[in-house]
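The values are calculated or read from the model by the stated rules, or taken from the named source; none is laboratory data. What you see is a predicted model; the values in this text were computed from it and never measured. Cβ placement follows ideal geometry from the backbone for every residue including glycine, while neighbour counts extend to all protein chains displayed.
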Amino acid sequence: MPRPALIALVLGLLVAQAGTASTEQRGYDVRYGPLTVLRIDYLGRENANSYAAAARIAAAGIISLFAPVSFDIHAEGRHNATSFQPVSYREDVETGRRSSTVELRYSGNRPELAAISPEEAFPWDVALDDQRGTVDPMTALHRLGRPNAAADVCGWQLGIFDGRRRTRVVLGPPARDGDSITCAGTYDRIGGFSPEEMDRHTSFGFSVRFSPVAGDGDLWELSEARAQTIYGNVTVRRR
């Protein structure tokens, strides 16, 4: 899905809803050493009690010549202050050699698998009944990337289910660092991974930095993240 289509999708999801809505549009570069390996384009929209968000994550630079990977993800749901309950989620993944799709619908706080392709079953698959209270990956990204009050940018955790795998993001308490707020966190594999993946690594550390929103000193937004991955350390910076 091209980026203009993502933007049209998100703007359309809330167009019929009453009340004042705010829209956030931003981009991030993911760097591995000196190379920009991924680009993230994000759009989120909220009104008083609903949200919709979409992102395109695509290989960048010379990496895109050898691994033309792209992820298109979008979600919508309800929110109350800093609590988010998704209603639907969809992801489309293209690796150049393989395409996959996942679509989730939520009944209360329980995800239901509306569509998945390719249809594959593994002994380590997790049960849907055990995923109550989780959110989808796009909702988690929206929670992290949206402007927040200083007291809300850190000190929270989310269980995440993407249709196959269960993970968890935990952010520790905030710390002031000059004109920024930073916090350390972990990204943990919980279930749905092969035994080899779980034996190799189950927890990845990261740190995030938030900066004041221009023109609104009461709100803070994500400006940088540094994370461990199975390939080494990466840095994410807002463009």
Kindly indicate whether any position in region 170-177 is of a type in the set (D, E, K, R) and either crowded, with 16+ Cβ neighbours inside 10 Å or farther than 26 Å from VAL208 by Cβ (or both).
-> no
Restrict the check to region 105-115 and report whether at least one residue is of a type in the set (A, V, I, L, M, F, W, C), exposed (fewer than 14 other Cβ atoms within 10 Å of the Cβ) and within 30 Å of ARG31 (Cα to Cα).
-> no
Give ARG189, ARG209 a once-over and let me know the one that is in contact (Cβ under 8 Å) with a residue 12 or more places away in the chain and in contact with a His (Cβ under 8 Å, 6 or more places away or on another chain).
-> ARG189
What do you reckon, is PRO147 touching a strand residue (DSSP E or B) at 6+ places or on another chain (Cβ under 6 Å) and in contact (Cβ under 8 Å) with a residue 40 or more places away in the chain?
-> yes
Tell me which of these PHE193 doesn't satisfy, since it passes every other one: (1) part of a strand (DSSP E or B); (2) within 30 Å of LEU128 (Cα to Cα).
-> (1)
Quick one: ARG143 ticks every box in (1) charged (D, E, K, R); (2) at pLDDT below 95; (3) in a helix (DSSP H, G or I) bar one, so which box is it?
-> (2)
Subset tally (residues that are surrounded by 19 or more Cβ atoms within 10 Å (Cβ to Cβ) and either out of contact with any helix residue (DSSP H, G or I) (no Cβ under 9 Å at 6 or more places or on another chain) or not in a strand (DSSP E or B) (or both)) for region 147-169 = 6
Does region 73-98 hold any residues that are closer than 18 Å to ARG165 by Cβ and either at pLDDT below 90 or surrounded by 18 or more Cβ atoms within 10 Å (Cβ to Cβ) (or both), and which are they?
-> ILE73, ALA75, PRO86, TYR89, ARG90, GLU91, THR95, ARG98
